[in-house]
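Asker: Below you'll find the structure I mean.
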Amino acid sequence: MGFFDGLLGGRAAAFDSGNAATNAIELTRRHPTVSLTKQGAATGNLRVNLTWRMRTSDFGSGPRTSLLRHPFKALKPPEILGHGQSMVNVDLDLGCLYELADGTKGVVQPLGGYLGDVNAPPYIKLSGDDRFGSGSGETMYVNLDHREDIKRLLVFVYIYDQTPAFDRTQAVVTLYPGNGPRIEIGLDERHPQARSCAVVLLENVKDELIVRREVKFVYGFQGELDRLYGWGLQWGRGYKTKA
């Protein structure tokens, strides 16, 4: 099993998943930013959700489709499967580097059980580690009622041991504000050897909360993301215990 950058501490807690908005804003290279303040969505809990799925073709050979017996079925694209317990080699983790207005810096992530707190600094809470995959994926909550205490947040995703590349996991990070449309960022670019991805940066700029698409892939882990964005934390080797 590989090693990863990690910090210790934190406890798990349960949260309601909330209701998804009926429409969405997709952040792309051409349209990378959105203002939560201008959208009237800078209050309440911002829910950040990571989901992923795999194509059956990624798991070896399956039953062949006969062109003679099923001429139309053979033309269909590979079936998409939601990630489930049978896909134990798939383990994407959601995390967040934070910097508060008072200069406090740190990380919220599953590794080390450093899960944060939604009602006290850093006002970010990870609901837990979805190690085997489920319909809901992994979810993080940001308490925007304390937006004046937040300077910047970098939401990132990293691949745990023996997981296929990002372009095969069909990973999507979705932000669900307390009001207005959800915000989607897809991680489907081809970076076969990348192990981590800086997904989205939330910054408090002159009392306006700006969400900016990053989607920057790196070949290392949290320490490399830290150096890329100048967080200045101290990192060491971290491991996950066996489930």
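Asker: So how many residues does the stretch 120-146 have that are part of a loop (DSSP other than H, G, I, E, B), at pLDDT below 95 and of a type outside the set (D, E, K, R)?
Answerer: Of all residues in the stretch 120-146, those part of a loop (DSSP other than H, G, I, E, B) come to 120-123, 127-137.
Adding the requirement that they be at pLDDT below 95 leaves 127-137.
Still in the running and of a type outside the set (D, E, K, R): 127-128, 132-137.
The total comes to 8.
Asker: Give me a count of the residues in the stretch 147-196 that are at pLDDT 85 or above, part of a loop (DSSP other than H, G, I, E, B) and among the polar types (S, T, N, Q).
Answerer: Total satisfying the criteria: 1.
The values are calculated or read from the model by the stated rules, or taken from the named source; none is laboratory data. These numbers were taken from a predicted model, which means no experiment stands behind them.
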